[in-house]
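These notes are about the structure you will find just below.
The values are calculated or read from the model by the stated rules, or taken from the named source; none is laboratory data. As the structure is a computational prediction, the values presented were derived from the model and not from experiment. Cβ: placed from backbone, ideal geometry, glycine included. Neighbour counts: every protein chain shown. All accessible areas refer to the heavy atoms of the entire protein, side chains included, with ligands and DNA or RNA removed. Shrake-Rupley method; radii C 1.70, N 1.55, O 1.52, S 1.80 Å.
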Amino acid sequence: MGCNIMATVGSARKRRFLNTLGVNNISSSRDSKIFEHDISNTRFDIVLNSLSEGFIEHSVNALKDNGHFCEIGKRGIWSEERMSTTRPDVNYHVIAIDHMMEKDSLRFKKLLTDAIAFGPKPLPIKKFSFTQLVDAFRYMQQAKHIGKIII
């Protein structure tokens, strides 16, 4: 769609995976100082954020005038008042995906279908049986996986 994408990851393995998808503008999702450095000379039209406090400020500062900040995170997100005090020009959108799925499942299904149609190949899936529930959570806790964990 002609977008220049900056992604964040927490490991070199995940960085290499994104490189295989053609994403080369990548920063840290674990170290806000590295993230701040990496975006210091960049201005974004849109931020799709799921990172928490410490990263949000840097992303807000990197938005162009009248940019859009789309928050999909749940933890440590900013209130509309805080955003309007910090950057009154920013269009702030808190997107509760879980509520979208519940309240308008048909629209959500269409959005997912549309996203899949233009996106890269699906992410890998790691499957666990229900009897491996503890193993699945331990695997997820290590944050070494790429894609989705399915039980």
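Residue count for segment 17-37 under the criterion of being without any contact (Cβ under 8 Å) to a residue 12 or more places away in the chain, among the charged types (D, E, K, R) and assigned to a helix (DSSP H, G or I): the result is 1. For segment 86-106, the set of residues classified as at pLDDT 95 or above and either touching a Lys or Arg at 6+ places or on another chain (Cβ under 9 Å) or closer than 16 Å to ALA62 by Cα (or both) consists of THR86, ARG87, PRO88, ASP89, VAL90, ASN91, TYR92, listed by residue number. In segment 113-134, of all residues being modelled with pLDDT of 85 or more and assigned to a helix (DSSP H, G or I), the one that is most open to solvent (accessible area, probe 1.4 Å) corresponds to PHE130. Against the condition within 20 Å of GLY10 (Cα to Cα), in contact (Cβ under 8 Å) with a residue 12 or more places away in the chain and out of contact with any Pro (no Cβ under 8 Å at 6 or more places or on another chain), how does GLY147 come out, does it pass? No: the conditions fail for GLY147.
Contact map, segment 52-64: residues that are open to solvent by 50 Å² or more (accessible area, probe 1.4 Å) paired with residues that are assigned to a loop (DSSP other than H, G, I, E, B), Cβ distance under 7 Å, separation 6+ or inter-chain. Pairs shown: GLU53/GLY76; LYS64/ARG43.
Being out of contact with any strand residue (DSSP E or B) (no Cβ under 8 Å at 6 or more places or on another chain) and either touching a residue at least 40 places away in the same chain (Cβ under 8 Å) or hydrophobic (A, V, I, L, M, F, W, C) (or both) is the filter; apply it to segment 4-16 and report the residue that is most open to solvent (accessible area, probe 1.4 Å).
Taking segment 4-16 as the starting set, the residues that turn out to be out of contact with any strand residue (DSSP E or B) (no Cβ under 8 Å at 6 or more places or on another chain) are 4-5, 11-14, 16.
Of the ones still in play, those that are also either touching a residue at least 40 places away in the same chain (Cβ under 8 Å) or hydrophobic (A, V, I, L, M, F, W, C) (or both) are 5, 11-14.
On the way: ILE5: 97, SER11: 38, ALA12: 61, ARG13: 115, LYS14: 41 Å².
It comes out as ARG13.
Among the residues of segment 37-75, those that are farther than 21 Å from ILE97 by Cα, touching a helix residue (DSSP H, G or I) at 6+ places or on another chain (Cβ under 8 Å) and of a type in the set (Gly, Ala, Ser) comprise GLY54, ALA62. Residue-level check: of (1) under 13 Å from the mean Cα position of the chain (by Cα); (2) part of a loop (DSSP other than H, G, I, E, B); (3) not aromatic (Phe, Trp, Tyr), CYS70 misses just (2).
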